[in-house]
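First up is the structure itself, then whatever we jot down about it.
What follows draws every value from the coordinates through simple rules; no lab data is involved. As the structure is a prediction and not an experimental result, all values here were calculated from the model. FYI the Cβ positions are ideal-geometry reconstructions off the backbone, even for glycines, and counts take in every protein chain you see.
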Amino acid sequence: MRAVQYVEVGKAPVVNDVPVPEPGPGQILLKVTAAGVCHSDIAVMSWPADRFPYRLPLTLGHEGAGTVAAVGDGVTAVSAGESVLVYGPWGCGVCRACARGMENYCERAEALGIFPPGLGAPGALADYVLIDDQRHLVPIGDLDPVQTVPLTDAGLTPYHAIKRAQRHLYPGATAVVIGVGGLGHVAVQLLRAMTGATVVALDVRQESLDLALKVGAHHALPSDGDAPGAVRDLTGGEGADAVFDFVGAQPTVDLAGKAAAKDASVTIVGIGGGALPVGFGALPYGTTVSTTYWGGRSELIELIDLARQGAVGVHVERYGLEQGPEVYERMHAGRIQGRAVAVP
Ligand code: NAD
Ligand code: ZN
Ligand code: ZN
């Protein structure tokens, strides 16, 4: 089968021919119907060899959808031909975090050598992908896998971040979304669907600002040194009640801190390497700063239900599997709008 693989640190990914895996006890083999491409892979592929945490070659793709092709002994919850999404942040399944469905915060995954598909385990940018456990599958019935697959990360990650910040998102509040790409353009829609907040989108690309307005942002403004002042102007001088940074670089985390109101929440989701100093007086009084990682299993189920109601629609750019390497080039160059999805 074909697989888009990162083979050597510092080299561009390539399409390789690899054996189709066979499901062992408890495992499920999916025939991939769609795989989304996330900017985090660009970060992964920039890590140096001496600190690279995964075995190579690594089949990329941590947003996966497929139909059940074969099941191992003991798999009873899904059957052949069923259309499913893959919950990616695999945990141990038994620790306290996993018991709550928050496998993204599993206490033991690293120690046990459990990695998400595409981020350590073989990923979904391939003709087939092996899933470790049936609890990591969510049936989607007749939903279109190409439109739905980005919900597994580009949707789930902002959904989780927004739920954590709900206390700040009362009707009439102001939410700022920095970076309106794969994650950010879903975040805008989720904020509109889940809260009564006014949504201000910030980006450095005009196409992303256009997309923000199209998917429901009330305001879309350049992400630059004037942005904190612009946010204050829109909020009677107070600042935003919740800021979500989907870039996470130094200029954007600085912006996030400056755009926040008193008692606001700042969530840094992007992994751009920026850091925000938290100390008395460094930020408006009462402001909470947190990072988040992916989302919970029950949250993905909730999000799919929300999508079924038509509350979120991902802007998808469709590619063939063979174009995987080209998609990463385009993403690196800032030439993807919304989410790129590869279809084998
Ligand atoms: P993307 O490439 O689809 O979108 C990035 C967007 O940010 C683009 O619209 C780009 O124009 C914009 N941007 C770039 N620099 C900017 C700046 N200085 N100010 C404002 N906007 C700017 O990326 P994505 O796949 O949506 O991922 C977004 C970030 O989230 C990445 O850093 C990714 O690694 C990270 N991520 C984190 C998690 C998590 O669990 N924490 C999960 C998925 C992705
Ligand atoms: Zn991702
Ligand atoms: Zn666990």
Self-check item: Gained length - residue 318 relative to residue 238, 0.36 nm times residue gap less alpha-carbon distance
Solution: 24.7 nm
Exercise. Name the long-range amide H neighbours of residue 317: under 5 Å, sequence gap of 5 or more, or other chain; modelled H, no Pro or chain starts.
Key: 339, 340, 341
Quiz prompt | Footprinting exposure proxy for 235, 287 (fewest neighbouring C-beta atoms within 10 Å first) | solution = 235, 287
Quiz item: What's the FRET efficiency of residue 226 with residue 12 using the Cβ-Cβ distance as r and R₀ = 25 Å, to the nearest 0.05?
Solution: 0.10
Exercise. Would you mind calculating the relative contact order of the stretch 154-253 from Cα pairs under 8 angstrom and at least 6 residues apart, reporting the percent as a whole number?
Key: 31 percent
Practice problem: Find how much the distance from residue 99 to residue 285 grows on full extension, using 0.36 nm per residue of separation minus their present alpha carbon separation; answer in nm with one decimal. | Solution: 63.5 nm
Quiz item: Which whole-angstrom value gives the distance between the alpha carbon centres of the stretch 172-203 and the stretch 273-344?
Solution: 12 Å
Quiz item: If r is the Cβ-Cβ distance from residue 275 to residue 133 and R0 is 35 Å, what FRET efficiency results, to the nearest 0.05?
Solution: 0.50
Self-check item: Note, ³J(HN,Hα) from phi for the stretch 92-102, Karplus 6.51, -1.76, 1.60, rounded to Hz, x at Gly and Pro
Solution: 6, x, 10, 6, 4, 4, 5, 4, 7, x, 8
Self-check item: Kirkwood Rh (inverse of mean 1/r, distinct Cα pairs), the stretch 111-224, angstrom
Solution: 15.9 Å
Quiz prompt | Footprinting exposure proxy for 208, 79 (fewest neighbouring C-beta atoms within 10 Å first) | solution = 79, 208
Quiz item: For the stretch 156-291, what is the charge dipole size about the Cα centre, in debye to the nearest 20, if Lys and Arg each add +1 at the Cβ and Asp and Glu each add -1 at the Cβ?
Solution: 420 debye
Quiz prompt | Dimensionless Rg over Rh [the chain; C-alpha; Kirkwood] | solution = 0.97
Quiz item: Under a point-charge model restricted to the Cβ atoms of Lys and Arg (+1) and Asp and Glu (-1), what is the dipole moment magnitude of the stretch 261-344 relative to its Cα centre, in debye to the nearest 20?
Solution: 100 debye
Quiz item: Could you work out the helix-only [θ] at 222 nm for the chain, with each DSSP H run of four or more residues adding -39,500 (n - 2.57) and the total divided by the number of residues, to the nearest 500 deg cm²/dmol?
Solution: -6500 deg cm²/dmol
Quiz item: Counting Lys and Arg as +1 and Asp and Glu as -1, what is the net charge of the other residues whose Cβ lies under 10 Å from the Cβ of residue 317?
Solution: +4
Quiz item: Once the other residues with Cβ under 11 Å from the Cβ of residue 41 are scored (Lys, Arg +1; Asp, Glu -1), what is the net sum?
Solution: -2
Quiz item: Just how many pairs of Lys in the chain have C-alpha atoms closer than 27 Å, counting pairs that are eight or more places apart or on different chains?
Solution: 4
Exercise. Please arrange 85, 58 by counting, for each residue, the other beta carbons lying within 10 Å of its beta carbon, fewest first.
Key: 58, 85
Practice problem: Find, to one decimal place in angstroms, the Kirkwood hydrodynamic radius of the stretch 156-291, where the mean of 1/r is taken over every pair of different Cα atoms and then inverted. | Solution: 14.1 Å
